[in-house]
Amino acid sequence: TNHPDALDEPSDPDEERGVRTMINQPDGMDLPRLGGEFRTMCVRTCDGYFFPMSNAASLGDFERDQKNCDSSCPGTEMQVFYTRGIGDDSADMTSSVTGRPYSELPTAYLYKQPETLRPPACGCNAAQNFEIIAGNPPSPEQTEADVETKPLIPVPVAKADQGADPETLANVQGGRDREAINRLAVKPSPTTLPPPGRRKVRVVGPTFLPDPAAATDLQAPAPKAAP
């Protein structure tokens, strides 16, 4: 009777070596159809960081997983490593590219040492090349103007009562509300002039004309006073 987990263990060491050899073929020849499934991991070779990709992948899925690994960390070298069981030690997982175990990777577990310097491109953040997307980069003047520009916040405008009569609606639309109409209805108070000795501007007008009854006839000689 076969053990239920027999497929999780390599049946023959020679067969396992054959799997590694066929995976590394550069000419893209068909991989052997072996029973069982593999657990694949994406390994970032610059610092040894890895994360799971597939829990039940066949040999034919390795190429797919490699593409998914590359797209997860663009610009960084990624390799698919595989194991037979989920509980296997990560140091024993095997590279589908080199056929060597993870423990022989020069940067194995380097990501666990934060004090160790890593290449600037060692990461999984996609490169954001805005020059390609948007064309030429903005000039410094445009950048400063964009920083100083404040967002325009719309101010709500009160709407007139649609149930009001047409005259009231016209007054509201023209800015003639009740307060404005009351201001127009107020009669202006008469202006009181200061005394003549305190005026700074010479005032001319009918106020200074003599009374018609006492006006002097400039053409007739003035009457002489009686002795």
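So that you can scan it fast, the table gives a plain yes or no per residue for (1) modelled with pLDDT under 85; (2) part of a helix (DSSP H, G or I):
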site: HIS3; (1), (2): yes, no
site: GLU16; (1), (2): yes, yes
site: THR21; (1), (2): yes, yes
site: GLN25; (1), (2): yes, no
site: LEU31; (1), (2): yes, no
site: GLY35; (1), (2): yes, no
site: CYS46; (1), (2): no, no
site: PHE50; (1), (2): no, no
site: PRO106; (1), (2): no, no
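Go through segment 45-57 and give me each residue that's among the polar types (S, T, N, Q) and surrounded by fewer than 16 Cβ atoms within 10 Å (Cβ to Cβ). Passing the criteria: only ASN55. Scanning segment 72-104 for residues that are in a loop (DSSP other than H, G, I, E, B) and closer than 15 Å to ARG39 by Cβ yields ARG84, GLY85, ILE86, GLY87, ASP88, ASP89, MET93, SER96.
The set of residues from segment 48-101 being hydroxyl-bearing (Ser, Thr, Tyr) and more than 21 Å from ALA121 (Cα to Cα) comprises SER54, SER58, TYR82, THR83, SER90, THR94, SER95, SER96, THR98. Only a single criterion out of (1) part of a helix (DSSP H, G or I); (2) modelled with pLDDT of 90 or more is not satisfied by ARG39, namely (1).
The values are calculated or read from the model by the stated rules, or taken from the named source; none is laboratory data. For clarity, every value in this text was computed on a predicted model and none was experimentally measured. With ideal geometry, Cβ positions are generated from the backbone for all residues, glycine too; neighbour counts draw on all protein chains shown.
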